[in-house]
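This report concerns only the one structure given below.
Nothing in this text is a laboratory measurement; each read-out follows from the coordinates by a stated rule. Because the structure is a prediction, the values reported are computed rather than measured. Here the Cβ is made from the backbone with ideal geometry for all residues, glycine too, and neighbour counts use every protein chain on show.
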Ligand SMILES: Nc1nc2c(c(=O)[nH]1)N[C@H]1C(S)=C(S)[C@@H](COP(=O)(O)O)O[C@H]1N2
Ligand SMILES: [Mo]
């Protein structure tokens, strides 16, 4: 099925996809699915050539030794060149490059198998250039101003010494996560489910800092600023400057962080200092934080308004012409579950009659109430064992042991239901031009024998 080309993105699938499928040994299945499955061709295309070795019996690296990794290419448009790996100091080359200017890379779902996402596997999303790290991180300054009694300028050293440090497991998720599942394609980086991760972050509460500044009753919204230069190099332009309503800003779970997984926050993730506003689109979690501007009206920085980080009020015709009056900011991210083991494209020995599944689930501002799995395309469902979050805005790990009725081709489907009873849909609905809010059930192909 031909797909539109999306100019904004690095290629995901390549001309050699057929070759990859043949090498990967699920060629027959892949060919059928690639053309006939309505939920997004390639959503279950084996990703085994990523070759992590984490899944026993995965078709694995032996399938395609020389070729660049050929990950699952859910609903992604054929591009001029094949999928590429990220090459960046401190980051795993198993991350899939979605764009190199600005630098954007996602984590294949099966590499999100640890309870806490290692820094080298954490997805990367930049809108502008990556700023030069300061020689002395402790002198990094942030300003809190606007609708406050006492504007503050604080160095990193002062943040550390004047406020109580807090360490939390928090999910950071790009607002566009799941975009690749939209049909017709949404404009932007073609994330599958890998524009998310859950790290352990250390910093201070935004609310504590704002308490010291004294928020005025006139405060309505925040504007967040980072030090990253605009891609064009134009110093009068911000790469990105988003904000949140004051009520969300003052939520006690928001942090100004300087450490990730116990290490100084790497530059690529916004070090020395970034904001972490969990549950909402990642774009409000400003990296290289320089300023929190408390405003008396809705922020109008780069990435606010229009159809950016916005979803429809009344549903629109997929692919239709957007009416800007019909959009509102995407706030809480939707419920999502991922299967992190086995990897998509795993081959199990003939006669295998049970498979152990592992995954993660999260739901923006909410918790996850249930995860269910199916091996028969949703005809029947089995409830997974779901752990409680370690703290608010952590993701929830789940496991399930499922019987395999026979040899052959199976798809593992996983669906989560949030604390409000809202479940993941079968397909990406509520189409919008820039492709936000897609959270269809995750599907992983497994071949027994
Ligand atoms: N200053 C600045 N902050 C930023 C961005 C950016 O481009 N510049 N990208 C945002 C977006 S869209 C996301 S999804 C997250 C990604 O964070 P990560 O690269 O650490 O994974 O950072 C957010 N913070
Ligand atoms: Mo993002």
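Structure summary
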quantity: Kirkwood-based shape ratio for region 128-329, expressed as Rg/Rh from alpha carbons; calculated: 0.97
quantity: When region 336-448 is reduced to its Cα atoms, the Kirkwood hydrodynamic radius in Å; calculated: 14.6 Å
quantity: Cβ crowding within 10 Å averaged over residues, with 379-388, 416-425 ranked highest first; calculated: 416-425, 379-388
quantity: Peptide ranges 288-299, 226-237, 196-207, 144-155 listed from the most packed, as the mean C-beta count within 10 angstrom indicates; calculated: 196-207, 288-299, 144-155, 226-237
quantity: Nitroxide proxy distance, nm - points 7 Å out along Cα→Cβ at residue 381 and residue 87; calculated: 4.5 nm
quantity: Stretch gain in nm, segment residue 317-residue 149, where the contour uses 0.36 nm per residue and the Cα spacing is subtracted; calculated: 55.8 nm
quantity: Cα-projected label distance for residue 297 with residue 212, points at 7 Å along beta-carbon direction, nm; calculated: 3.1 nm
quantity: Cβ crowding within 10 Å averaged over residues, with 331-340, 403-412 ranked highest first; calculated: 331-340, 403-412
